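We did not get these values from a lab; they are worked out from the coordinates using the rules stated. As the structure is a computational prediction, the values presented were derived from the model and not from experiment. Methodologically, a virtual Cβ is constructed for each residue, glycine included, from the backbone with ideal geometry; neighbour enumeration extends over all protein chains shown.
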Amino acid sequence: MSQHTQILSKTPINNKMSAIDFSIVICCFNSAKRIESTLAHIAHQNFNNFIFEVIIVDNNSTDETQTNSLNIWNSFNEKNELYVIEEKKPGLTYARNAGIKSAKGKYILFCDDDNWLEKNFLLNALNILNTNSNIGILGGRGIATSSVELPNWFEANKGAYAVGEQAIKTGIINERGYVWGAGMIFRREEYLKLIQAGFHSLLSDRKGNELSSGGDSEICKWLLLVGKDLFYSEELVFHHFIEPTRLTKEYFDKLNIGFAKSHEILWIYDLLLRLIKGEEKYSNFIVQKIKIKYLFNRTSERENVVLEFYNKKKKSYHHKAKIILEARKIFFMLPQF
């Protein structure tokens, strides 16, 4: 646990000692008015002998997020525990990492503070994950809801709000390259193994009102790099409650700026994935030409990554690519969890 993280409080401990299936991580920034419906939908899940915990990560809120979360959860007389922790370092990635480090579940579920999981969400997810060990990331289908009418431009751009289908049908979606952070599920031990190998976020993701993004996509890239699958299921349904302030063109434009900034890093992962799979091949002649361009400081970032990939034993030409490739190599050397 980082020096910025502190466990503040939790609901009464369940004395029954059982393995926890899901750790539901909800990262909050001034979520006091949104959190009740989110927690209610979690509490009303259909159960089939599985256990979960809820981890509220307060990322510098100035409202009653912590108190409200505990009071609301206790009002449900829920047997599963809810913890409240603090992550002082601003940024969604830091908050999520704090939640993961505090988690005890086999699977981690990222649930945004405005996501309402349908009643069979956890049950369906457990059935899918327990029958396919190569699924690295599991994602579902989002449905938009709001207190106001959705604007006419929303339907064409709903994917930016984690709304709609992530594929035509249920199945592996590796070619898509990412799964939305909202409703994303992955194995905790697998994520911790990635971190142990040296993978670390090159993106900080959202900080308060800043709409930078991409941290969830980065996790998807890590798992693709080590041979895991991205999987979409139309049976995993959540409702995304979108506040009116987020349905303006100004907010949407800020979202797109955040996406564009994240692509400056994510394209490195995508190029390495293509190189590793052999989809993007360079002859020795082309590589030599790139090396000559490098000597005169005329190579593009893309060409620098190619040099790094084909010259693993030489001085790094691209620091970020070197970090990614070395972490991938170490991952395969580590024991299975």
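Just a few scattered comments:
- Measuring spread by the Cα atoms of the range 122-248 yields a radius of gyration and Dmax of 15.5, 47 Å.
- Cβ crowding within 10 Å averaged over residues, with 129-142, 318-331 ranked highest first: 129-142, 318-331
- Principal axis analysis of the Cα atoms in the chain yields extents of 69, 49, 41 Å, listed in decreasing size.
- Mean Cβ neighbour count within 10 Å, used as a protection proxy, ranking 160-171, 250-261, 190-201, 145-156 highest first: 190-201, 160-171, 250-261, 145-156
- Net charge over other residues, Cβ less than 14 angstrom from the Cβ of T245 (K, R count +1; D, E count -1): +1
- Relative contact order computed over the chain (Cα-Cα under 8 Å; 6+ residues apart), in percent: 18 percent
- Positive minus negative residues near T299 (Lys, Arg vs Asp, Glu; Cβ under 9 Å): +2
- Each of the peptides 302-308, 90-96 was scored by the mean count of other Cβ atoms within 10 Å over its residues; in descending order, highest first, they stand as 90-96, 302-308.
- Derived scalar couplings ³J(HN,Hα) [the range 242-254; Karplus, 6.51 cos²θ - 1.76 cosθ + 1.60; whole Hz; x for Gly, Pro]: 10, 5, x, 5, 9, 10, 9, 5, 4, 5, 4, 5, 5
- Around A197: net Lys/Arg minus Asp/Glu count, Cβ-Cβ under 10 Å: +2
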